[in-house]
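Visitor: Questions regarding the structure given below will be posed in turn.
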Amino acid sequence: MRAKSRPLAILQAKCPQCHKGNLFETGPYRLKRFARMNKQCPHCEVKFAREPRFFDGAMYISYAMNVGLFLASAFIIYQLFEPKSPNTYLIAIILEVILLYPLMFRYSRVLYLYTFGGLKYNPTLDTKGNS
Ligand SMILES: [Zn+2]
């Protein structure tokens, strides 16, 4: 099987070390379980939480993503509808934040792990994490 590229592995929330194991137990819109992460990679067995409370730092990524969403939404709404009331922006952004919450939560953790996890891609790893 051909190896996944890094952007595709990020998009599919795969392990940064092997690009095969899933970071999360289920899909993003299984609402009762979307936040459940595997503690270690089901393929190469690397631990995803690099230290205690590692994923607390993902809040900063999540904040930046939400600010970006907020600005992009406000711009698009203004360009398309030129609404007279600020409530239009407020309602649209609240709906977006609620609907996109599972994706924002997951991708903030994925990006944080890829950026600060210190894991290098190693395509030769077998299922026990040995090269
Ligand atoms: Zn892995």
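The values are calculated or read from the model by the stated rules, or taken from the named source; none is laboratory data. Remember, predicted model here, so these are calculated numbers, not experimental data. Here Cβ is always computed from backbone atoms with ideal geometry, including for glycine, and neighbour counts include all displayed protein chains. What goes into the accessible areas is simple: the full protein's heavy atoms, side chains included, and nothing from ligands, DNA or RNA. Shrake-Rupley method; radii C 1.70, N 1.55, O 1.52, S 1.80 Å.
Visitor: Given springs between every Cα pair under 10 Å in a Gaussian network model of the chain, which of VAL110, VAL46, VAL67 has the largest fluctuation?
Guide: Evaluated over the chain, the most mobile residue of the options is VAL67.
Visitor: Take the Cα pairs of the chain, get the Kirkwood Rh, then feed it into Stokes-Einstein at 10 °C and 1.306 mPa s and tell me D in µm²/s.
Guide: Answer from the Stokes-Einstein relation: 97 µm²/s.
Visitor: Stretched out fully, how many nm does the piece from LYS39 to PHE75 gain, at 0.36 nm a residue minus the Cα gap? All intermediate terms of the calculation are to be shown ahead of the outcome.
Guide: On the way: separation 36, 0.36 × 36 = 12.96 nm, distance 3.91 nm.
Here the answer is 9.1 nm.
Visitor: Leaving ligands and nucleic acids out of the surface, order ARG53, ARG33, ARG6, ARG109 by accessible area at 1.4 Å, largest first.
Guide: The most accessible residue leads, giving ARG53, ARG6, ARG33, ARG109.
Visitor: Keeping every protein chain present and rolling a 1.4 Å probe, give me the accessible area per residue for the chain in Å².
Guide: For the chain, the per-residue accessible area is 68 Å².
Visitor: Cut-off 10 angstrom, C-alpha nodes, Gaussian network model of the chain. Which of LYS84, LYS120, LYS39 fluctuates the most?
Guide: Looking only at LYS84, LYS120, LYS39, the largest GNM fluctuation is found for LYS84.
Visitor: Now for a separate question. For the chain, what does the helix formula give at 222 nm: sum of -39500 (n - 2.57) over DSSP H segments with n ≥ 4, over the residue count, nearest 500 deg cm²/dmol?
Guide: Result for the chain, helices only: -16000 deg cm²/dmol.
Visitor: Can I ask one more? For segment 38-89, what D do you get in µm² per second when you plug the Kirkwood radius from alpha-carbon pairs into Stokes-Einstein at 20 °C and 1.002 mPa s?
Guide: In µm²/s, the coefficient rounds to 151.
Visitor: Can you return the lysines within cross-link range of LYS120? Criterion is Cα-Cα under 22 Å, with same-chain partners fewer than 8 residues away left out.
Guide: LYS120 reaches LYS4, LYS14, LYS20, LYS39, LYS47, LYS128.
Visitor: Build a GNM of the chain with springs between Cα atoms under 10 Å: which of PHE54, PHE116, PHE81 gets the top mean-square fluctuation?
Guide: PHE81
Visitor: In terms of solvent-accessible area of protein heavy atoms at a 1.4 angstrom probe, what is the ranking of TYR114, TYR60, highest value first?
Guide: TYR60, TYR114
Visitor: Ok, one more. Within segment 6-116, what whole-number % of the accessible surface is contributed by carbon and sulfur, with the 1.4 Å probe and all protein chains included in the calculation? All intermediate terms of the calculation are to be shown ahead of the outcome.
Guide: Working: 4690 of 7260 Å².
Exposed carbon and sulfur together represent 65 percent of the surface.
Visitor: Which whole-number percent is the relative contact order of the chain (Cα, under 8 Å, 6+ apart)?
Guide: Details: 145 pairs, mean separation 44.0, N = 131.
About 34 percent, as a whole number.
Visitor: Taking 7 Å along the Cα-to-C-beta vector as the label spot, tell me the ARG30-ARG6 distance in nanometres, rounded to one decimal.
Guide: 3.0
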